[in-house]
Amino acid sequence: MEQFYCLSVVMNVITALVLMYGINFTKEQAENMPVPAEKKSSRRKTSKEKKDISIDCNLLNKKSFRLVVGIIAVVVGLMKVLSVFEGIPIIGDLLPAVAGLAGGASLLLEYYACSTSSDDFELADNVRAVFIDSRKYIGVLCIVAAVLHFVFPGALLL
């Protein structure tokens with residue numbers, strides 16, 4: 001269906017922009033937690049923190065916008081698995097579907113991790129490493145999938 005083809009490309013681009021240029025709310029939440037007095041003076045910015053560039057855009061940094069984009073990205077990713085634009089079912093649109101599912105899951109997990117107020121909630125280390133800490137790589141995957149899917153609509157694995 002042409003609608004899901006277009007929606008997949010658009011949602012992968014929007015998800016990629018949010019993941020690559022938006023603020024990571026889990027880092028912001030960890031930095032806002034009180035630090036004991038003896039650790040305040042010894043805290044230095046590492047080279048990774050200095051290189052973390054984010055665009056201060058109000059729309060990309062709103063939690064409600066990210067929630068909506070995450071939900072739509074997951075739904076479109078699931079629909080891309082079920083309905084293929086051209087080619088073989090399921091395999092035909094595998095890359096954009098996986099990119100949409102991964103990007104949407106990353107946004108939803110980040111929203112859920114920030115919005116829970118209970119202290120006993122914590123993401124598993126593997127899940128945090130894949131979906132939260134490496135969110136910029138998922139954003140690159142989303143933008144590559146969107147561009148390739150837009151340029152080569154009839155390719156077998158795109």
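The values are calculated or read from the model by the stated rules, or taken from the named source; none is laboratory data. This structure is a prediction, so every number in the text was calculated from the model and none was measured. Cβ sites come from the backbone with ideal geometry, for glycine too, and all protein chains shown count toward neighbours. These accessible areas exclude ligands, DNA and RNA; they are computed on the full protein's heavy atoms, side chains included. Shrake-Rupley method; radii C 1.70, N 1.55, O 1.52, S 1.80 Å.
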**Prompt:** modelled with pLDDT under 90, over 20 Å from Y137 (Cβ atoms), of a type in the set (S, T, N, Q) and touching a helix residue (DSSP H, G or I) at 6+ places or on another chain (Cβ under 7 Å), is that true of S54?
**Reply:** no
**Message:** Checking S118 against (1) open to solvent by less than 60 Å² (accessible area, probe 1.4 Å); (2) modelled with pLDDT of 65 or more; (3) polar (S, T, N, Q), only one condition comes out false. Which one?
**Reply:** (2)
**Complete:** Apart from one, (1) at pLDDT 85 or above; (2) of a type in the set (F, W, Y); (3) more than 14 Å from the chain's Cα centre (by Cα) all hold for Y111; the odd one out is (3)
**Message:** Contact list please: Cβ distance under 7 Å, first residue in segment 74-103 and more than 17 Å from P153 (Cβ to Cβ), second residue hydroxyl-bearing (S, T, Y) and at pLDDT 85 or above, pairs at least six apart or on different chains.
**Reply:** G103/T15
**Asked** Going by the conditions given, is G87 among the small types (G, A, S), open to solvent by less than 40 Å² (accessible area, probe 1.4 Å) and either in a helix (DSSP H, G or I) or modelled with pLDDT under 85 (or both)?
**Response** no
